[in-house]
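Student: I'd like to ask some things about the structure below.
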Amino acid sequence: MSLDRSKDIVCHCSGTTKTAIKGLIDDGVDNVDEISRLTGACSGCGACDVLVLELLAGNIASRGD
Ligand code: FES
């Protein structure tokens, strides 16, 4: 079984994956600007902004902040 990386992509402009963003969040990154700076996500068309915010919000909710 192979991993279909295309299904993991959050930002098609930069090719940034959900796995990569979750990894940064797990490492303590807690804002879109930093994720954008580190990955290039949210720095093109902006279509992924909501998805990145949802990933951040999900992490904050799971921490109980
Ligand atoms: S899809 Fe992320 S900036 Fe375009």
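Student: Looking only at segment 1-18, count how many residues are among the aliphatic types (A, V, I, L, M) and away from the ligand (no atom under 13 Å from the Cβ).
Tutor: Residues in segment 1-18 being among the aliphatic types (A, V, I, L, M) and away from the ligand (no atom under 13 Å from the Cβ): 2 in total.
Here's the yes/no breakdown for (1) at pLDDT 95 or above; (2) near the ligand (Cβ under 8 Å from one of its atoms); (3) part of a loop (DSSP other than H, G, I, E, B); (4) under 23 Å from Asp4 (Cα atoms):
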site: Ala20; (1), (2), (3), (4): yes, no, no, yes
site: Leu24; (1), (2), (3), (4): yes, no, no, yes
site: Val29; (1), (2), (3), (4): yes, no, yes, no
site: Ser36; (1), (2), (3), (4): yes, no, no, no
site: Cys42; (1), (2), (3), (4): yes, yes, yes, yes
site: Cys45; (1), (2), (3), (4): yes, yes, yes, no
site: Ala57; (1), (2), (3), (4): no, no, no, no
site: Ile60; (1), (2), (3), (4): no, no, no, no
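The values are calculated or read from the model by the stated rules, or taken from the named source; none is laboratory data. For clarity, every value in this text was computed on a predicted model and none was experimentally measured. Cβ: placed from backbone, ideal geometry, glycine included. Neighbour counts: every protein chain shown.
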